[in-house]
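Only the coordinates and a few stated rules stand behind these numbers; no lab work does. Predicted, not measured: the structure shown is a model, and the values here were computed from it. Neighbour counts run over all protein chains shown; Cβ positions are idealised from the backbone, glycine included.
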Amino acid sequence: MILSDRTIRSEIEAGRIVVDPLGENAIQPSSIDLRVDRFFRIFRNHVAKVIDPRVEQKDLTEVIEVDPDGLFILHPGEFVLGSTLERIGIPDNLVGRLEGKSSLGRLGLLIHSTAGFVDAGFSGNITLELSNVANLPITVYPGMKIGQISFLEMTTPALIPYGSKSLGSKYQNQSGPTPSMSHKNFEE
Ligand SMILES: Nc1ccn([C@H]2C[C@H](O)[C@@H](COP(=O)(O)OP(=O)(O)OP(=O)(O)O)O2)c(=O)n1
């Protein structure tokens, strides 16, 4: 079941769902609008020869900070990481689904390439996988509404929620556009 605005409100009031800071009019009928922060992680294509998921490539990306009233231009075919302005907290009985916004989708701006799933127990900013599939550059303004999150109720609370020590949860409490830690999967 997808949570309605009524349930979303009561879960926020009870402190079970966390969206901080919660934007004005952010709560939609069945989701919460999320905004993009002003930090972007760009790929250093001029340095890296290849992207290797097995290797921790510290030089692969770098963070760009945009002025609060500045802008970030995403060129056609470009892929960068962004972050939600909001810190999100998901209780142990819900799953979050990150979704794009139709108005931006119609312009060719995608906010996740494959990962839209936010685990039960997750806490942190959500890392956005921003790409431009249009033929013209797209302007991204810090603080603009970039996507939305909906919530699904699970059959039972998770036995081992995201963030539990035994899981290794690589992105728990991440802050800002966080690079892939895929190399850790190969250490297990
Ligand atoms: N666009 C997204 C999608 C997810 N997440 C966060 C919330 C998820 O709960 C967490 C982990 O996502 P996955 O389980 O898809 O990632 P991995 O399996 O690679 O990592 P882990 O081994 O930590 O589960 O990352 C994010 O920041 N940005």
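A few points about this structure:
- For the chain, the number of Lys pairs separated by eight or more positions or lying on different chains, with C-alpha atoms closer than 17 Å, is 6.
- Equivalent ellipsoid semi-axes - Cα gyration tensor, the chain, angstrom: 27, 22, 13
- Modelled spin-label separation between HIS183 and VAL18, with each label point placed 7 Å from Cα along the Cα-to-Cβ direction: 2.9 nm.
- Simple spin-label estimate for GLU62 and HIS75 in nanometres, 7 Å along Cα-Cβ: 1.6
- Within the chain: Cβ-based charge dipole about Cα centre, in debye rounded to nearest 20 (Lys, Arg +1; Asp, Glu -1): 240
- Computing FRET efficiency as 1/(1 + (r/R0)^6) for ASN25 and SER166, where r is the C-beta to C-beta distance and R0 is 45 Å, gives about 0.70.
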